[in-house]
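Written out below as structure tokens is the structure these notes cover.
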Amino acid sequence: FFLLRWKKANLPLKVLGATGLACIAAGLEAIQHQRDFVVMLVGLSDMYYLPMVYGTLIWCALFASLIVPNLVGSRETQRERAFVSALKRLALDARTRAISDNQTLHLTLSGDRFSVSQDGDAKQRGAEILGLDLLASARVSRCQLNGQDASTADWDLRFYPDGTADQGGIEIEVGQNVYVLNVTAKGQGTVDDQLTDQSTVQWQAGTYETR
């Protein structure tokens, strides 16, 4: 198509190439300085067909470079928010199920998945009741259990039938954002920006509180 246009216009190859390069240079300059160069394209397109096509393509590329990253970023933000809400709800549901089923439940992290499971034996954990997958871009940076740092393999936060729980938390980095699931001795789960200092908490979880 471009060759046919060029032949019909009977334009010298050097002129055609020089004009095309000028249009591309104008487009790149506009992208760098974020200026509108529609006027440039109109002026050049009156002269030759091919530079107009070049200009249109550059304009489309500029438009995509401004819009597409915003759309992708918005989608990632929505996924992060959904994950944070689901993480908080997972702790709440674990406490609720422990009370309603009258059994101890374990919140653990295995690989890239949170799991709420029943009591098991020394060799194998019980069946999973609830679960939540980590985001692909997430990284666990720190775990805490009963005031002590723990590895992800040893992080086993228990919810008891009386509504209490082990004190603990887990810190998750998603890009530049940090989300921390904190669970109190009363079984309340919150998502904060840092681990709770539990050194001052002395009430032992797993025992019945006098009311």
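The values are calculated or read from the model by the stated rules, or taken from the named source; none is laboratory data. Please read these numbers as outputs of a predicted model, since none were measured by experiment. All Cβ positions, glycine included, derive from the backbone under ideal geometry; neighbour counts span all protein chains shown. SASA here: full protein model, heavy atoms, side chains in, ligands and nucleic acids out. Shrake-Rupley method; radii C 1.70, N 1.55, O 1.52, S 1.80 Å.
Got a number for carbon plus sulfur as a percent of the range 95-188's accessible area, 1.4 Å probe? Intermediate values should be presented prior to the final figure.
Numbers: 1920 of 4690 Å².
Whole-percent figure for carbon plus sulfur exposure: 41.
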Q: Kindly list the residues of the range 126-164 that lie in the label zone of A86, defined by a backbone N under 11 Å from the point 7 Å along the Cα-to-C-beta vector.
A: 131-136
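For the range 116-157, what class follows from the C-alpha gyration tensor (a ≥ b ≥ c being the square roots of its eigenvalues): rounded when a/c is under 1.5, otherwise prolate if a/b is larger than b/c, else oblate? It would help to have the intermediate numbers written out before the result.
Values: a/c = 2.48, a/b = 1.23, b/c = 2.01.
In terms of gyration-tensor shape, oblate.
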